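Each value in this text was obtained by applying a stated rule to the coordinates, not by laboratory testing. Worth saying up front: this structure is predicted, and the values here are computed from it rather than measured. Every residue, glycine as well, gets a Cβ built from its backbone with ideal geometry; the counts of neighbours run over all protein chains shown.
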Amino acid sequence: MNAQSVQTIKRSDPGTSIRRKPSFGRALRQHPQLYLLLLPATLYFLIFHYVPMYGVIIAFQDYRIGEGLFGGRWVGLENFRIFLSKPTFQEVLINTLRISITELLISFPLPIVLALMINEVKHTGFKKIVQTVTYAPHFISVVVVVGMINLFLSPTSGAVNNILAGLGFERIHFLMNPDNFLPTYLVSILWQHTGWNAIIYLAALAGVNPELHEAATIDGATRVQRIQFINIPAILPTCIILLLLNCGHVLNVGFERILLMQNQVNLGVSEVIQTYMYKTGILNGEFSFTAAVGLFNSVVNFILLVLLNLAAKRISRTSLW
């Protein structure tokens with residue numbers, strides 16, 4: 001059958017014709033209530049995320065508050081050149097990457113493991129207790145969490161040091177030792193957010209067809225084999241999407257937590273791009289320079305997200321767009 005015959009059949013048989021995607025106006029007329037539900041979220045992103053983006057123009061100006069947004073002297077890429085040439089640039093960038101990548105490598109797989117373990121628990125009551133205990137810390141304020149860290153790790157009266165002293169070990173000044181900053185930061189992150197991040201994987205596991213497990217059990221598959229060949233492939237697309245989202249803000253490290261845990265002793269390993277922007281922009285009033293640093297941060301994150309999304313789409317056919 002040649003191409004002309006196929007086209008003739010498609011014209012004569014409506015069932016074989018290719019459906020065209022309806023236009024936006026037609027879809028709006030057919031389902032106005034759905035677009036009405038989207039309206040609040042759309043307005044939120046337009047007003048609070050897209051409209052303020054015009055303010056990035058001050059990154060290319062010598063901005064002064066009294067001169068207004070468009071009254072500053074145009075300096076082009078001078079603010080970016082100053083930032084990239086500063087002696088602190090390399091230190092801040094290395095600290096940011098070290099903290100962010102270490103956090104990603106440790107905190108990303110743990111919720112997956114926790115979700116797989118909780119999913120295997122058969123006792124409903126015990127499962128609910130474990131879920132509640134693990135995700136409840138997510139709702140605690142960062143300020144409170146850092147306050148708890150200071151109390152528990154206090155070298156004089158902290159519970160951790162009291163236990164160490166009781167076992168015959170020396171008391172440790174955790175936050176006064178630069179080598180202990182990253183482990184302490186990671187432990188607080190894992191304790192507060194691992195259970196919460198596992199919820200989305202539990203939701204994905206809930207959608208696995210039970211008949212697959214029944215058939216695998218009849219074929220003699222062990223529990224580990226069913227996890228390996230049924231559960232993990234089922235949540236793999238979700239894992240890829242979340243990994244892409246996490247990699248998309250690799251230069252955005254937790255600002256509040258790090259700022260509250262900083263002191264003059266650990267500043268050399270804890271100063272990241274966000275805290276550097278706060279100190280130079282808000283405290284010193286260098287608004288143009290800070291805007292340039294923030295724009296540099298956002299552009300790097302965006303480029304990284306696009307490249308990783310293309311790689312994921314090519315390798316696993318799962319991507320954000």
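So here's what we get for this one:
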{"read-out": "Net charge dipole size for the chain [Lys, Arg +1 and Asp, Glu -1 on Cβ; Debye, nearest 20]", "value": "1280 debye"}
{"read-out": "Potential lengthening between ASN263 and TRP196 on full extension [0.36 nm per residue; Cα-Cα distance subtracted]", "value": "21.2 nm"}
{"read-out": "Among PHE45, PHE169, PHE108, residue whose mean-square fluctuation peaks in a GNM of the chain (springs only between Cα atoms under 10 Å)", "value": "PHE45"}
{"read-out": "Cut-off 17 Å, label 7 Å out along Cα→Cβ of LEU310, residues of segment 247-271 by amide N", "value": "248"}
{"read-out": "Net charge, ASN119 excluded, C-beta distance under 15 Å - Lys, Arg +1, Asp, Glu -1", "value": "+4"}
{"read-out": "For segment 253-259, 3J(HN,Hα) per residue [Karplus equation, 6.51 cos²θ - 1.76 cosθ + 1.60, θ = phi - 60°, Hz, x = Gly/Pro]", "value": "9, x, 5, 5, 5, 5, 4"}
{"read-out": "Net charge contributed by nearby residues that have their C-beta within less than 15 Å of HIS213 (K/R +1, D/E -1)", "value": "-1"}
{"read-out": "Euclidean distance of C-alpha centroids, segment 209-245 and segment 60-128, integer Å", "value": "32 Å"}
{"read-out": "Given (1) -0.35, -1.01; (2) -0.30, -0.76; (3) -0.18, -0.61, the label whose value is log10 I(q)/I(0) by the Debye sum over Cα atoms at q = 0.06, 0.11 Å⁻¹ derived from this model", "value": "(1)"}
{"read-out": "Unit charges at the beta carbon, dipole of the chain: most positive-side option, PHE24, GLY281, ASN177", "value": "PHE24"}
{"read-out": "DSSP H segments from the chain that extend 30 Å or more along their own axis, Cα-based, with Kyte-Doolittle mean of 1.0 or above", "value": "287-316"}
{"read-out": "Two-site FRET efficiency, MET148 against ARG26, from Cβ-Cβ distance with R₀ of 56 Å, rounded to 0.05", "value": "0.50"}
{"read-out": "Potential lengthening between VAL300 and ILE106 on full extension [0.36 nm per residue; Cα-Cα distance subtracted]", "value": "67.6 nm"}
{"read-out": "Candidates THR280, THR217, THR194: whichever shows maximal mean-square fluctuation once the chain is modelled as a Gaussian network with Cα springs under 10 Å", "value": "THR217"}
{"read-out": "Given charges at beta-carbon only (K, R positive; D, E negative), |dipole| of segment 157-245 in Debye", "value": "140 debye"}
{"read-out": "Charged-residue dipole, Cβ positions (Lys, Arg, Asp, Glu), segment 54-190 about Cα centre, Debye nearest 20", "value": "300 debye"}
{"read-out": "GNM top mover of LEU186, LEU37, LEU205 - the chain, alpha-carbon springs below 10 Å", "value": "LEU37"}
{"read-out": "Charge tally in the Cβ shell below 14 Å around TYR135, where Lys, Arg are +1 and Asp, Glu are -1, TYR135 excluded", "value": "+2"}
